[in-house]
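Student: First, the structure itself, so that you have it in front of you.
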Amino acid sequence: MEVGMLPISASKRGKLLAAGYTTLDAIARASPTHLARDIDVSDSEASEILSLATKASSALERERPNGTHTAVVGGGQTAWDMLNEEKFSSCITTSCVDLDNILGGGIKCKEVTEIGGVPGIGKTQIGIQLAVNVQIPQEYGGLGGKAIYIDTEGSFMVERVLQIAEACIEDMAEYSHQFHKDFQACDVKVHPNNILENIFYFRVCSYTEQIALINYLDKFIMENKDVKIIIVDSVTFHFRQDFDDMALRTRLLSEMALKLMKLAKKFCLAIVMLNQVTTKYVEGSFQLTLALGDSWSHSCTNRIILFWNGNERHAFIDKSPSLKSASAPYSVTTRGIRNSTSSSKRIKMM
Amino acid sequence: MAPLKSLEKEYPLIDSNFQSFCSSHGIFSVEDFLLHDLDALIAFADNHPTSQTLKQGIDQLLSTIDALQPPLLNGLQLLEDAQRNKHVLLTGCERIDALLGGGLREGQLTELVGPSSSGKTQACLLSASTVAKHNSSVIYLDTGNSFSPQRIASFVGQSSGHVFDNQVDHILKKVLDRIICYSVFDVYQMFDVLHQLKSNLRSEIVKSNQHVRLLIVDSISSLITPILGGSGPQGHALMISAGFLLKKLAHENNIAVLVTNHVVGGEDGISKPALGESWKSVPHVRLLFSRDFGSNVCHISVLKHPSMASARAASSTLYL
């Protein structure tokens, strides 16, 4: 294995190659003091390089455990195990039954969902609704988790969150009233203030802050294990204006996307990114597409596009590995995101 | 290519005498040794008091280096290897198989290029399910959490239509057990997995139903884009090393490798595959995917193929 594949800085790599160390074996055989002297770095840096090299080469020589049914390479899961795990994972409802239906139950955990649309279509509203709905206790079919809300535009209104939280608690009370019919169970023990307490709010004002925050989230979530959703509203804002170096922007965005994917998988949470729209010149006409370019369009697992159809708001599933392409109407009311009024003929239960 | 002194433990002939002789000629590592004029070195060794041991040392070094080379093959041996070992794997979609000249060929690196949501991941999942159904193992490296076991289950269920219900679960379990999925979020992680795979495949004796025949990386462009460009050529070097490693794995272990790539905007607004000019020559076969907005039909055309004409195209419908 080559030295080029070790995650070390370019200058150290250059020094190693100049001193004649081109394979891991060569480094592993040297002692830290010899290495430090040969490539002119401090002893601690040399031992760090050595530990990386020995870790990499020992990973190659790891003995296979005794057992006929182990994977060819450690660290993976068979599809059968993943299928069984999926049956037990729950979704975060959007409070709109039609939208939940096309999403297969709601926003799924372990996946990164991108939601984009024109201004005023309700992206922030959906974000706030999800931040509240993730906290629905498990007795009512929710996840009982906390939410992280990363605000880049300053569109998070606490009064609105309070409004939506109160409406959600009223819906929960009505649900338990309908299904349990005994008055003790009617008392929903959640108070709107509790819901507000469980939303961790971060405000970022530049792209460096955004990237630094995403890097920090790993540690944060280790300390707050019940976070179940991260909402980034919106992921585009700091990358659109005044970014001179487009190549740097592509690199930063793709690295950020990979980090978010890793967070989603590692902690089994849902990540929702809200995006803006731009026009693109395609085949002789201008079309509306989501911002941040072609490379970014691959950085999400699912994509939902919100658009106006006449006077109604619609959501369309543009990209998904397992869901069918479909669209559903929804509406934004004082109580939050709900079914579109034209399609609800009776009061729907949550 | 280690410094010479590190070889002393394994090869006692490379002792300090030999090393000081070499350093007097400016040779400090094995690489320097190979670059040096060996005849001149042997002539100098003759004039040295300890010429016998020095010449033995030189021979030892040369034979060790020779032993590390892969064997030379002639055309006939390559043909026999291709006919006997490099089979064709069906992808599960007849139109794609027709475009590929039979299917995915073992020993070749096939690339699926296309804009977002054009059907690349679906094609990967379909190929994985088809290959797993035919009693082979599949390794799936997933960078975007898009591996969907539900989708694979629906593919398996679609094509095994005549089976009774109580057998379906049993078949499904056997097929899904052969597909192993790794989540990689980092190009270095991918290298780790591939190197482990390389050394495990080299050293183990596998039963026939655990043979890995298909390796899918979905998508390799999301791993390489963060490191490409920027201040140094490091990103390019890693990209090309990844390509070499995949092709080497494919050839030595008779595996078909499938990778996906995305598109970027080029001149005049025409999109071109990402990862640049250097990557263009790495895959053996390149297929371009595209999908009309709002329809279920995806169009596939051949950008590059070693034995068939390019620009042939086909359309296929993604059923759900």
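The values are calculated or read from the model by the stated rules, or taken from the named source; none is laboratory data. Given the structure is predicted, the values throughout are model-derived calculations rather than measurements. For neighbour counting, all protein chains shown are included, and Cβ atoms are generated from backbone atoms with ideal geometry for every residue, glycine included. Remember, those area values only see protein heavy atoms, side chains included, never the ligands or the DNA or RNA. Shrake-Rupley method; radii C 1.70, N 1.55, O 1.52, S 1.80 Å.
Student: Looking only at segment A:38-58, decide whether some residue is more than 29 Å from A:A19 (Cα to Cα), at pLDDT 75 or above and part of a helix (DSSP H, G or I).
Tutor: No, segment A:38-58 has no match at all.
Student: If we only count helices (runs of 4 or more DSSP H) wholly inside segment B:29-122, which ones have 2 or more residues that are farther than 30 Å from B:S148 by Cα?
Tutor: Numbers: elements: B:30-35, B:38-46, B:51-67, B:75-85, B:94-99.
By residue number, B:30-35, B:38-46, B:51-67, B:75-85.
Student: A further question follows. Could you tell me which numbered condition A:I211 fails, if it satisfies all but one of (1) β-branched (V, I, T); (2) assigned to a helix (DSSP H, G or I); (3) crowded, with 20+ Cβ neighbours inside 10 Å?
Tutor: (3)
Student: Same structure again: What number of residues within segment B:179-193 are assigned to a helix (DSSP H, G or I), in contact (Cβ under 8 Å) with a residue 40 or more places away in the chain and facing another protein chain (nearest Cβ under 7 Å)?
Tutor: 2
Student: If I filter segment A:78-95 for residues that are touching a Ser or Thr at 6+ places or on another chain (Cβ under 7 Å) and open to solvent by 20 Å² or more (accessible area, probe 1.4 Å), do I get at least one hit?
Tutor: no
Student: Another question about this same structure. On the basis of being polar (S, T, N, Q), more than 23 Å from B:L249 (Cβ to Cβ) and either within 14 Å of another protein chain (Cβ to nearest Cβ) or open to solvent by 80 Å² or more (accessible area, probe 1.4 Å) (or both), does B:T50 make the cut? Before you say what the answer is, go through the steps one by one.
Tutor: Numbers: polar (S, T, N, Q): yes; more than 23 Å from B:L249 (Cβ to Cβ): yes; either within 14 Å of another protein chain (Cβ to nearest Cβ) or open to solvent by 80 Å² or more (accessible area, probe 1.4 Å) (or both): no.
No.
Residue by residue, here is whether (1) within 20 Å of the chain's Cα centre (by Cα); (2) crowded, with 23+ Cβ neighbours inside 10 Å holds:
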| site | (1), (2) |
| --- | --- |
| B:L76 | no, no |
| B:D81 | yes, no |
| B:K86 | yes, no |
| B:L90 | yes, no |
| B:I139 | yes, yes |
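Student: Return a yes/no flag: does segment A:238-246 have any residue that is away from every other protein chain (no Cβ under 14 Å) and buried (at least 19 other Cβ atoms within 10 Å of the Cβ). Reasoning before the result, please.
Tutor: Here is the first cut: in segment A:238-246, the ones away from every other protein chain (no Cβ under 14 Å) are A:238-244.
Within this subset, residues satisfying the condition of being buried (at least 19 other Cβ atoms within 10 Å of the Cβ) are A:238-239.
Checking segment A:238-246: at least one residue is away from every other protein chain (no Cβ under 14 Å) and buried (at least 19 other Cβ atoms within 10 Å of the Cβ).
Student: So B:I14 fits all but one of (1) in a helix (DSSP H, G or I); (2) surrounded by 17 or more Cβ atoms within 10 Å (Cβ to Cβ); what number is the exception?
Tutor: Just one mismatch for B:I14, condition (1).
Student: Is one or more of the residues making up segment A:118-127 buried (at least 22 other Cβ atoms within 10 Å of the Cβ) and under 22 Å from A:F267 (Cα atoms)?
Tutor: yes
Student: Across segment B:57-115, what is the total count of residues that are of a type in the set (S, T, N, Q), under 19 Å from B:F244 (Cα atoms) and without any contact (Cβ under 8 Å) to a residue 40 or more places away in the chain?
Tutor: 1
Student: Hey, any hits in segment A:251-260 for a residue that's in contact with a strand residue (DSSP E or B) (Cβ under 6 Å, 6 or more places away or on another chain), at pLDDT 90 or above and either more than 25 Å from A:L130 (Cα to Cα) or not β-branched (V, I, T) (or both)?
Tutor: Yes, that holds for at least one residue.
Student: Within segment A:288-298, does at least one residue satisfy the condition of being more than 9 Å from chain B (Cβ to nearest Cβ), without any contact (Cβ under 8 Å) to a residue 24 or more places away in the chain and β-branched (V, I, T)?
Tutor: Among the residues of segment A:288-298, at least one is more than 9 Å from chain B (Cβ to nearest Cβ), without any contact (Cβ under 8 Å) to a residue 24 or more places away in the chain and β-branched (V, I, T), which makes the answer yes.
Student: So for segment B:210-226 (the condition being at pLDDT below 85 and either buried (at least 17 other Cβ atoms within 10 Å of the Cβ) or farther than 23 Å from B:W279 by Cα (or both)), does at least one residue qualify?
Tutor: yes
Student: Same structure again: Out of (1) open to solvent by 40 Å² or more (accessible area, probe 1.4 Å); (2) among the acidic types (D, E); (3) modelled with pLDDT under 85, what's the single condition that is false for B:D192?
Tutor: (3)
Student: Name every residue in segment B:294-308 that is farther than 17 Å from B:V113 by Cα and within 14 Å of chain A (Cβ to nearest Cβ), in order of residue number.
Tutor: Result: B:G294, B:S295, B:N296.
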